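Below: one structure, written as C-alpha cells.
The values are calculated or read from the model by the stated rules, or taken from the named source; none is laboratory data. Everything numeric here is computed off the predicted structure, so don't read it as measured data. Cβ placement follows ideal geometry from the backbone for every residue including glycine, while neighbour counts extend to all protein chains displayed. These accessible areas exclude ligands, DNA and RNA; they are computed on the full protein's heavy atoms, side chains included. Shrake-Rupley method; radii C 1.70, N 1.55, O 1.52, S 1.80 Å.
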Amino acid sequence: MKRSLDTLQPGDCALVREVICQGPMRRRLRDIGFTADTTVTCLGRSPLGDPTAYAVKGAVLALRREDAATILVDDGRDTTWD
C-alpha cells in the first residue's frame, strides 16, 4: 500500500518507492539516501510534531513534514536497519 513517509508512526518501517518532489530538494533527498527499495524506519517525532527522525542506510535524519510528504513508501519489512 503506497503512502507518504510523513504518515509513518514511531517504530514503523517502510520501503521507499518514489520521491515525487522536483528540483534541488529531490536531488538532496536522493543524495542522503531516500532511493527506491531502501528501508526507512520512523524513530520518533519532536515534541511539537515536526520534524521527525528517520533511520535510513545506517544514518539518522530529521525531515520536516512537508519534505517527508514528498516521499512515497510501501509497508516495510520487519528489519529496522539495513
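Quick notes
- Residue within the stretch 51-58 that is modelled with pLDDT of 95 or more, out of contact with any helix residue (DSSP H, G or I) (no Cβ under 8 Å at 6 or more places or on another chain) and surrounded by fewer than 17 Cβ atoms within 10 Å (Cβ to Cβ) present: yes
- A Cβ distance below 6 Å, combined with a sequence gap of six or more or placement on separate chains, defines the contacts here; from the stretch 49-69, residues that are on the phi > 0 side of the Ramachandran plot reach residues that are of a type outside the set (D, E, K, R) and open to solvent by less than 40 Å² (accessible area, probe 1.4 Å) in the pairs LYS57/GLY33.
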